[in-house]
1. What ranking of 180, 212 emerges when the number of other C-beta atoms within 10 Å of each C-beta is taken as an exposure proxy, fewest first?
2. Between residue 9 and residue 107, 0.36 nm times their residue separation minus their Cα-Cα distance comes to what?
3. Run the numbers for residue 300 and residue 153: contour at 0.36 nm per residue of separation, minus the present Cα-Cα distance, in nm.
4. Using the basic label-point model (7 angstrom from Cα toward the beta carbon), what is the residue 87 to residue 278 distance in nanometres?
5. For a protection proxy built on the mean count of beta-carbon atoms within 10 angstrom, sort 190-203, 271-284 highest first, please.
6. Using a simple spin-label model with points 7 Å from Cα along the Cα→Cβ vector, what separation in nm is obtained for residue 202 and residue 182?
7. Would you please give the FRET efficiency between residue 257 and residue 62, computed as 1/(1 + (r/R0)^6) with r the Cβ-Cβ distance and R0 = 41 Å, to the nearest 0.05?
8. Could you check the spin-label model distance between residue 225 and residue 24? Points 7 Å from the Cα along Cα→Cβ, value in nm.
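Bear in mind that the values in this text are calculations on the coordinates, not laboratory data. Here the structure is a predicted model, which is why all the values come from computation and not from measurement. Here Cβ is always computed from backbone atoms with ideal geometry, including for glycine, and neighbour counts include all displayed protein chains.
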């Protein structure tokens, strides 16, 4: 575990030192591929008596959908859970009140939606700090992520959380890359571009595939704007999850009206104040819209009585 973390740090430092230009594109592409592979290894469950496991995080998925509450400590996740469900998650004015995944059930529109209150994420969660691996693994099983943010610290909190989730393969509000990749048993590599690519070339893809020991495969890049990161995501598809995310800014009673108006107009954003009970219902309504659940009404089987047939 320590060795993997050190290797990740070394690669990140090398990437930061490397000047970005055409001459270094191939080298940076290989470094990104190695980094993705190491991060995937870091998130693999550990075994053995001293591993610590995921106690408190193995919550069975139930209901019609699952929503994960993700955020830094003390941003209002537990308060929000208590307001929209019958679950009473411990709330206090200090960090790390929630230490395990606390499930609750939201009943809305005839559906039962499971809400998971996850422990606060800290910087370095992608490397396993602060039970980060367990938290992120639980978040990956959700149908929607609610990123709970403090409105007074919006920029730094959101950027750090997005970086942590991105590092472990969670892609927020994005579709899978439009790239086809099929491993084969023989025949070498066949790389085809449907349109002239802007960020990739055959040599770059060849080097990355070779580094992943995928020497026999077929590749079709359909998107001219596809990047090296997109191609690596396709290779690492078993370690990637594309999830819809709503950015929920709490504590709006602590910011100005002008700032609040600007905040509320941002894409995929909802604002609220759990303390004053403002906007909480709006967040729930928006969650329902984003989940896009479809109600199915079954038709009753006809009986002699409903058909007007008399039975003797």
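1. Result, fewest neighbours first: 180, 212.
2. 30.9 nm
3. 47.6 nm
4. 2.7
5. 271-284, 190-203
6. In this crude spin-label approximation the distance works out to 2.0 nm.
7. Once rounded, the FRET efficiency stands at 0.50.
8. Taking the simple label geometry, residue 225 and residue 24 are separated by 2.6 nm.
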